[in-house]
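Rule-based calculations on the coordinates, nothing more; no lab input. Everything numeric in this text was worked out from a predicted model, so none of it was measured. Cβ placement follows ideal geometry from the backbone for every residue including glycine, while neighbour counts extend to all protein chains displayed.
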Ligand SMILES: *Cc1c(COP(=O)(O)O)cnc(C)c1O
């Protein structure tokens, strides 16, 4: 089955009573047993629910994993996998990861005794140097947020294998349509389904996908024990969103490429961060491990914070809002919004400046988007 066909069909057929073509929502906390030994596969919705299961089957198939657990947010997916580790364990992650991941690593799980080294993951020597005998996990986020740096997934999984650590990849920015980390040896993929998988900015959710059954079993255990599952209603929305994932991603990246080109030629723009541009330092790597370049881009405007603020409040279609991956275009300011939980020093270290603007390109007509953003940059 090809990818787009999986998006429409896998997991969806869940109604043997009436043969509805669309997965029913099962809003029940509990399920009736037939006798004290037998039930129909579900007993309690924290542990499992047919609507959530449908979503899990779908995402597992799209990533090519053996199992998936759907969670109520992307952060709860990360919470789930962090519980694979114990005090004293060491994790290496990028110094430019998602702000919420940075926060939960440095202010939550580090307090529980897990140690983190945040390094430039493009620098494989720096990754090797950060290894300790306690290193249990290499955390991959690619492309990174907000500067679209690319991490060489195969190279990182190789380092992990040599040192007996597992690799976990946050695949939120590209979705399995554009990148499948399991094909490069990653052990676990996490998602914020809030973004491209749902794609319509009307639900928050997450997912943990496992490549093999031993880890899948432990993840399933933690998911139930910690109580991280999403509601049947939310699962249903994400399942509906996934059906159009392929065509949406194509439309998203068409607009992103057009905008990146316009911005890179604009005299008031200092730098554009988009892996689809041949000037991106890791354009070739992106081409090798991604099926496309995605629809997130950032740019530094010339001038100061005032110019950035003017652009951020001067557009008609790009709404000033956090988040990404929805059909509508959004713009945001990492300095005070998505990356506010990082210290100013950490932001500078990662390369985020007061002139950096992040764009999530929607599926509107690219001509409208170009005209709108160009007009705002013109007058900045
Ligand atoms: C949004 C996001 C998360 C967190 O997901 P929530 O659904 O907001 O909890 C994690 N990683 C990345 C890369 C994200 O963009």
Next item on the list: Measure nothing fancy, just the Cα-based angle from helix 213-226's long axis to the longest principal axis of the chain, in degrees from 0 to 90, nearest 10.
Entry: 90
Checklist line | Helix 366-378 axis, angle to the chain major axis (alpha carbon atoms, nearest 10°) | finding: 50
Item checked: Beta bridge orientation in the chain: antiparallel %, DSSP, nearest 5 -> 60
Item checked: In degrees, nearest ten, helix 153-163 long axis to first principal axis of the chain (Cα) -> 60
Check: Taking the simple approach of a point 7 Å from Cα along Cα-to-Cβ for both residue 125 and residue 317, what is their distance in nm?
Finding: 4.5
Check: Among 205, 88, 220, whose mean-square fluctuation peaks in a Gaussian network model of the chain (Cα, cutoff 10 Å)?
Finding: 88
Notebook entry, point to check: Rounded, prolate or oblate: which fits the chain when a ≥ b ≥ c are the square roots of the eigenvalues of the alpha-carbon gyration tensor, with rounded for a/c under 1.5 and prolate only if a/b beats b/c?
Noted result: oblate
Item checked: Estimated 222 nm signal from helices in the chain, with DSSP H stretches of n ≥ 4 weighted -39500 (n - 2.57), rounded to 500 -> -10500 deg cm²/dmol
Notebook entry, point to check: So what is the relative contact order for the chain, in percent, with contacts set as C-alpha pairs under 8 Å and at least six apart?
Noted result: 18
Next item on the list: Could you work out how far apart the two model spin labels at residue 283 and residue 22 are, taking each label as a point 7 Å from the Cα in the direction of the beta carbon, and quote it in nm?
Entry: 4.4
Next item on the list: Rank these for me by crowding, 42, 173, going from fewest to most other beta carbons within 10 Å.
Entry: 42, 173
Checklist line | Whole-angstrom gap from segment 9-67 to segment 355-375, using each part's C-alpha centre | finding: 40
Notebook entry, point to check: Which percent, to the nearest 5, of DSSP beta bridges fully inside segment 245-379 are antiparallel?
Noted result: 85
Notebook entry, point to check: Hey, rough spin-label estimate for residue 112 and residue 328, points 7 angstrom out along Cα→Cβ, what's it come to in nanometres?
Noted result: 3.5
Next item on the list: First check a/c for segment 245-379, with a ≥ b ≥ c the square roots of the eigenvalues of its C-alpha gyration tensor; if it is under 1.5, answer rounded, and if not, answer prolate when a/b is larger than b/c or oblate otherwise.
Entry: rounded
Item checked: Residues residue 47 and residue 270, FRET efficiency given R0 of 45 Å [Cβ-Cβ distance, rounded to 0.05] -> 0.30
